[in-house]
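See below for the structure under consideration.
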Amino acid sequence: MEGGFIPISPGEGGKTQNCSYKREVHYVPHHLLHDILLKLPTKSLLRFKTVSKNWCTKISEPDFEEFQLQRCLSKILILHQFPRLTGFDSFLYKFEDKGLRARKFAATDLLIGRGCTFPATRSCNSLILLRNSFFVRERIWRLHSDNDENWRMLNIPFPQKILPYEAVAVGGVLYWTTTGFIQSMDISREEFMGRIEVPCKRDEAYFGLMEIKGSLSLMNRASDNKLEIWVLKNEGCWIKQHKFSPSLKSAPKSHNISVGFCVAFESCKGTYLLVCYDYTTFWYSLNTEELTPIAVDESQYCSGQFCLLWLL
Amino acid sequence: MAIMYALKSSDNEIFEVEQKVIEQSETIKKMIEDGAATGEIPLQVSSKTLAKVLEWCKQRQHKTVENENDDNKGKRKKERDEDDDIKEWENKFSDELKADKDVLFDLLLASNYLDLPALLSFLCQLVADMVAGKMPEEIRRMFNIENDFTPEEEKAITAEHGWAFQP
């Protein structure tokens with residue numbers, strides 16, 4: 001029976017080996033298996049394609065892939081900050097309508113006081129924010145668990161030029177961009193690690209760190225209308241893997257890079273990027289190279305100075 | 001006075017349950033509506049598993065009744081406290097199930113048979129959390145699935161999604 005099981009009766013084979021084996025065997029009906037698979041992270045699903053032909057077929061079905069993609073989308077929030085005299089108003093947006101629309105659903109008082117950018121990432125059961133301001137040196141804030149309300153501050157032991165930056169956690173290491181470099185920190189040990197050179201020119205307007213298929217990746221603005229994706233390979237070299245041109249409503253006059261943010265996520269349909277770039281928000285599929293604009297339900301959204309994407 | 005129903009487990013144990021509690025099961029609700037639920041209701045569920053099912057239903061019922069009686073004043077704070085209580089209860093419930101996987105999978109089948117969508121979704125998540133991150137071989141052993149791929153086919157899939165097989 002496909003995907004199910006054949007119960008091993010206690011007497012079968014009469015081998016003692018089977019006894020301990022039997023205790024582990026469980027039966028799950030087909031439609032429940034579907035529900036369980038939908039709740040699994042993408043990485044596990046791709047792995048489980050090799051369990052059996054039946055599992056592989058189930059995971060590769062177009063309907064399943066579409067459901068799974070929707071589930072991935074439902075886990076993404078956009079945090080948008082709108083500047084006020086006294087600081088920022090912050091709002092959270094989430095996706096609906098198959099990811100074609102972002103709707104404001106909550107104001108948040110999560111972010112504290114005056115600051116510039118707050119890239120956030122989630123790793124090792126903690127939530128990490130990077131914060132800089134023109135008055136204080138940059139800081140890393142760490143929240144240990146979801147229930148914890150006390151942000152703990154980690155000082156960065158070397159002075160750095162203030163820049164709007166992006167942060168991402170890949171394999172227990174936090175990476176964030178500074179001028180010309182990527183800095184890294186071991187999250188569990190809270191130890192600062194080395195610098196990584198970036199593949200593009202130092203003063204070029206690069207932005208956007210992401211995790212693509214388990215590797216640190218970077219989105220770079222090669223020119224006003226051209227974005228590039230670089231992936232850091234195990235050997236420590238950067239490989240340019242993708243290049244695309246978002247058709248922008250209006251070409252940006254200034255090189256204000258603070259408006260660009262991106263996040264990557266894996267689904268059974270392949271890798272997707274969600275990009276906020278020059279007041280436009282869109283999806284980009286690395287597999288099909290399809291670009292889908294997202295409608296945002298708020299005129300204010302476009303005038304906001306910072307928007308960033310937050311993968312839960 | 002609350003209407004009571006008697007449920008009979010597959011090993012002939014009788015459970016007396018309030019209608020409101022057991023009506024969460026769409027299967028039993030339909031039996032009641034059709035007038036088919038007279039006397040003892042025989043179920044293809046063991047007493048051990050049925051006890052667990054009822055534990056869940058009572059907890060859910062408890063929550064619904066409390067919410068109906070609330071007025072808006074202080075509701076938010078109360079809701080937050082209740083959410084904490086429910087979370088704590090659910091954690092305990094899932095810890096017990098994780099410790100005894102036979103009960104977990106029996107309960108999964110029972111909640112499917114009794115049509116309890118909330119419990120079913122809760123259990124599916126629990127199983128998903130249990131299998132997430134495991135290697136294919138462990139999954140095959142757990143569900144007694146035969147690997148029907150040729151080594152070449154398996155290799156091809158592994159190569160295609162190489163990153164997913166990294167620890």
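The values are calculated or read from the model by the stated rules, or taken from the named source; none is laboratory data. Owing to the predicted nature of the structure, the values given are computational and were not obtained by experimental measurement. Cβ placement follows ideal geometry from the backbone for every residue including glycine, while neighbour counts extend to all protein chains displayed.
A few points about this structure:
- Qualifying residue in segment B:142-155 (condition: assigned to a helix (DSSP H, G or I), under 28 Å from B:Ala99 (Cα atoms) and facing chain A (nearest Cβ under 7 Å)): yes
- Residue within segment B:106-120 that is over 23 Å from B:Val45 (Cα atoms) and not in a helix (DSSP H, G or I) present: no
One line per residue, one yes/no per condition, for (1) in contact with a strand residue (DSSP E or B) (Cβ under 7 Å, 6 or more places away or on another chain); (2) at pLDDT below 85:
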| site | (1), (2) |
| --- | --- |
| A:Val168 | yes, yes |
| A:Thr178 | no, yes |
| A:Phe181 | yes, yes |
| A:Tyr206 | yes, yes |
| A:Leu218 | yes, no |
| A:Val231 | yes, no |
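- Residue match in segment A:93-103 (condition: assigned to a loop (DSSP other than H, G, I, E, B) and either modelled with pLDDT of 95 or more or in contact with a Lys or Arg (Cβ under 7 Å, 6 or more places away or on another chain) (or both)): no
- Unmet requirement for B:Ala118, which otherwise passes all of (1) among the hydrophobic types (A, V, I, L, M, F, W, C); (2) within 26 Å of the chain's Cα centre (by Cα); (3) at the interface with another protein chain (Cβ under 7 Å from one of its Cβ atoms): (3)
- Search result, residues across segment B:16-50 that are part of a helix (DSSP H, G or I) and either of a type outside the set (A, V, I, L, M) or surrounded by fewer than 16 Cβ atoms within 10 Å (Cβ to Cβ) (or both): B:Gln19, B:Lys20, B:Glu26, B:Thr27, B:Lys29, B:Lys30, B:Glu33, B:Ser47, B:Lys48, B:Thr49
- Among residues of segment B:156-167 being in a helix (DSSP H, G or I) and at the interface with chain A (Cβ under 7 Å from one of its Cβ atoms), the one that is surrounded by the most Cβ atoms within 10 Å (Cβ to Cβ) is B:Ala164.
- Residues in segment B:85-135 that are among the small types (Gly, Ala, Ser) and surrounded by 15 or more Cβ atoms within 10 Å (Cβ to Cβ): B:Ser94, B:Ala110, B:Ser111, B:Ala128, B:Ala132.
- Test: residue in segment A:72-90 that is within 13 Å of A:Ser267 (Cα to Cα), modelled with pLDDT of 75 or more and within 11 Å of chain B (Cβ to nearest Cβ): no
- Residue within segment A:12-34 that is closer than 25 Å to B:Leu120 by Cβ, within 11 Å of chain B (Cβ to nearest Cβ), at pLDDT below 65 and in a helix (DSSP H, G or I) present: yes
- Within segment A:44-71, the set of residues being of a type outside the set (S, T, N, Q) and more than 13 Å from chain B (Cβ to nearest Cβ) comprises A:Glu61, A:Pro62, A:Asp63, A:Phe64, A:Glu65, A:Glu66, A:Phe67, A:Leu69.
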